[in-house]
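Student: Input: one structure, supplied below.
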Amino acid sequence: MGDRPPREPAHRRRRTTTLGDGVRRGLRPGRGPGGEGDPPVTEAGYTSNGKPGKGTSPPPPSSWSSSCHTLQESLLSSASGYSNYRGILNWCVVMLVLSNARLFLENLIKYGILVDPIQVVSLFLKDPYSWPAACLIIVSNVFIIAALHTERRLAVGSISESTGLKLHVFNLAAILVFPVVIVFIVPSLTPVGGVLSLGVYTVLFMKMYSYKDTNRWCREIRQAQVKRLTRSNSCPSVAQSNGRAGQAHVSYPGNLTYRDMYYFVFIPTLCYELNFPRSPRIRKSFLMRRLFEMLFFMQLLVGLIQQWMVPTVQNSMKPFQEMDFSRMVERLLKLAVPNHLIWLFFFYWFFHSSMNFVAELLQFGDREFYRDWWNSETVTYFWSNWNIPVHKWCLRHFYKPMLRKGVNKFMAQTAVFLASAFFHEYLVSIPLRMFRLWAFMGMMAQVPLAWFVGRFLNGNYGNAAVWISLIIGQPVAVLMYVHDYYVIHYGTPA
Ligand SMILES: CC(C)(COP(=O)(O)OP(=O)(O)OC[C@H]1O[C@@H](n2cnc3c(N)ncnc32)[C@H](O)[C@@H]1OP(=O)(O)O)[C@@H](O)C(=O)NCCC(=O)NCCS
């Protein structure tokens, strides 16, 4: 495969073309007897979809002879122009299924059935009579209401812009700090409960930040309009002052209601708008399909973690403690497979099934929760396309405002990744009650990685580099945290 014949001088090439004249006439690309509409036929007589070109049909009976050879390339030579590898792709899938089936059987024989739904409950609750994570999430309503009332006061002008900003900053800081304090003073809050509640608070922080910014922009627009009107000494046109009749079109400050605020809190976006695009109706069959997927993938994720991930992680502790490098790499590669599968299922469960379910239920129209990140040829393309709600928020409230202030692009990108690294670390370190900075470093490493891939690799190589960074990078971070957690809590790794 890929062995191109050595280049010949032009006159010899021309001669070669005329050599097999009886057979080769009419095989020039796009000139087959089939006319313009036929797929182009390559030098070796194959169309781009791998079928023999029409020009290769048997020669007329008058020219039949004992000759059975044609000047042609082997299929696997790149010079043949053959490109139909559909069968090979199917072979890859069959091999993948078979090798995973073997791994699955090996796992079952070695460990038996480890899936235990009751154990999942214990990950959330230490004491069945105390539900700290749920209470923490319920308390978050205080911060939502505080943001709404600050905005209401700003809208009527009973507090100044600077006082409003201070109140918002205080509220946002409290959203981040309050759950941290609770995690450290309530021992019954489990690490999984901690991740869940801190995740909710992080989402809330981003939403309230967006709420504050968008309402401020509305006030700025309102002030600009008032100034324009005063200067021209005119009154607004009827169409403008009446809004769009017949449509539930909200304009500032009519949006500052509990209903509007809680609609924003529950819909799957982090960026606030006064008038979100709405889907015309709830499609019941779509909703049921997403619900079924949500339940199915949740079970699958729990099963894979218990049956495959946990034993592999536990078996990896010893080589990590003994710093046995070759065994560490072997364990890492072993963990990479279940970790990656779980991540892919998680992606589908969260970004497709769950977000679409909530959006359909609330008739939220913008369903672009992800783009084709799997085709990423650069690291920046991956980060701009795999988690669209976060990316949109970063662009709208952080990246573009920085660019507008004159910060250069590289510094702005680094600042976004720095903020993202902070939140990744926040979501891991606090619930585990230990600071190791692995997640922070993993996220910050994306900046030089993005530079390297963008500079030296492109096309399929770039795509492969992105996949490798995903497949290998995540289990490294997982093993680091689990190892350190075991060492801190149990002295020696299991
Ligand atoms: C940093 C990040 C925002 C950069 O995104 P990007 O798409 O590569 O950025 P680009 O430089 O291509 O520009 C994006 C936008 O800014 C605009 N822009 C560029 N220069 C500008 C300037 N000087 N002024 C105003 N806007 C500008 C572009 O027109 C483009 O706008 P569009 O989206 O409307 O087309 C992105 O990589 C990111 O979101 N990273 C963090 C992701 C993350 O942490 N996710 C966590 C998931 S768990």
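Student: Hey, Tyr370 hits all of (1) more than 11 Å from the ligand (Cβ to nearest atom); (2) under 20 Å from Tyr272 (Cα atoms); (3) open to solvent by 30 Å² or more (accessible area, probe 1.4 Å) but one; which does it fall short on?
Tutor: Among (1) more than 11 Å from the ligand (Cβ to nearest atom); (2) under 20 Å from Tyr272 (Cα atoms); (3) open to solvent by 30 Å² or more (accessible area, probe 1.4 Å), the lone unmet condition for Tyr370 is (1).
Student: Is it true that some residue in segment 471-481 is open to solvent by less than 40 Å² (accessible area, probe 1.4 Å), outside any helix (DSSP H, G or I) and in contact (Cβ under 8 Å) with a residue 40 or more places away in the chain?
Tutor: Going through segment 471-481, the residues open to solvent by less than 40 Å² (accessible area, probe 1.4 Å) turn out to be 473, 475, 477, 479, 481.
Next, only the ones that are outside any helix (DSSP H, G or I) stay: none.
No.
Student: For residues that are open to solvent by less than 80 Å² (accessible area, probe 1.4 Å) and over 21 Å from the mean Cα position of the chain (by Cα), tally how many sit in segment 284-304.
Tutor: Qualifying residue count, segment 284-304: 4.
Student: Please pick out the residue among Ile144, Ile113 that is open to solvent by 60 Å² or more (accessible area, probe 1.4 Å) and in contact (Cβ under 8 Å) with a residue 40 or more places away in the chain. Can you show your working first?
Tutor: On the way: Ile144 fails: open to solvent by 60 Å² or more (accessible area, probe 1.4 Å).
Answer to the check: Ile113.
Student: Just one of Leu198, Leu270 is of a type in the set (A, V, I, L, M), modelled with pLDDT of 95 or more, open to solvent by less than 80 Å² (accessible area, probe 1.4 Å) and within 30 Å of Tyr129 (Cα to Cα); which is it?
Tutor: Numbers: Leu270 fails: within 30 Å of Tyr129 (Cα to Cα).
Step by step, each of Leu198, Leu270 is checked, and only Leu198 is of a type in the set (A, V, I, L, M), modelled with pLDDT of 95 or more, open to solvent by less than 80 Å² (accessible area, probe 1.4 Å) and within 30 Å of Tyr129 (Cα to Cα).
Student: Working only within segment 462-486, note down all residues that are more than 20 Å from the chain's Cα centre (by Cα) and either farther than 25 Å from Pro191 by Cβ or not β-branched (Val, Ile, Thr) (or both).
Tutor: From segment 462-486, those more than 20 Å from the chain's Cα centre (by Cα) are 479-486; that's our starting set.
Of everything in segment 462-486, those that are more than 20 Å from the chain's Cα centre (by Cα) and either farther than 25 Å from Pro191 by Cβ or not β-branched (Val, Ile, Thr) (or both) turn out to be Leu479, Met480, Tyr481, His483, Asp484, Tyr485, Tyr486.
Student: Here's a follow-up. Considering Phe357, Phe345, which residue is open to solvent by 30 Å² or more (accessible area, probe 1.4 Å), part of a helix (DSSP H, G or I), away from the ligand (no atom under 16 Å from the Cβ) and more than 30 Å from Ile109 (Cβ to Cβ)? It would help to see each step written out before you state the result.
Tutor: Values: Phe345 fails: more than 30 Å from Ile109 (Cβ to Cβ).
Selected residue: Phe357, the only one of Phe357, Phe345 that is open to solvent by 30 Å² or more (accessible area, probe 1.4 Å), part of a helix (DSSP H, G or I), away from the ligand (no atom under 16 Å from the Cβ) and more than 30 Å from Ile109 (Cβ to Cβ).
Student: How about segment 384-422: which of its residues are of a type in the set (Phe, Trp, Tyr), part of a helix (DSSP H, G or I) and either near the ligand (Cβ under 8 Å from one of its atoms) or surrounded by fewer than 18 Cβ atoms within 10 Å (Cβ to Cβ) (or both)? Break it down stepwise before answering.
Tutor: To start, the set of residues in segment 384-422 that are of a type in the set (Phe, Trp, Tyr) comprises 386, 393, 398-399, 410, 417, 422.
If we keep only those that are part of a helix (DSSP H, G or I) too, we end up with 393, 398-399, 410, 417, 422.
Answer for segment 384-422, where residues must be of a type in the set (Phe, Trp, Tyr), part of a helix (DSSP H, G or I) and either near the ligand (Cβ under 8 Å from one of its atoms) or surrounded by fewer than 18 Cβ atoms within 10 Å (Cβ to Cβ) (or both): Phe398, Tyr399, Phe410, Phe417, Phe422.
The values are calculated or read from the model by the stated rules, or taken from the named source; none is laboratory data. Since this is a predicted model, take the numbers as computed values, not measurements. With ideal geometry, Cβ positions are generated from the backbone for all residues, glycine too; neighbour counts draw on all protein chains shown. Heads up: the accessible areas ignore ligands, DNA and RNA and are worked out on the full protein's heavy atoms, side chains in. Shrake-Rupley method; radii C 1.70, N 1.55, O 1.52, S 1.80 Å.
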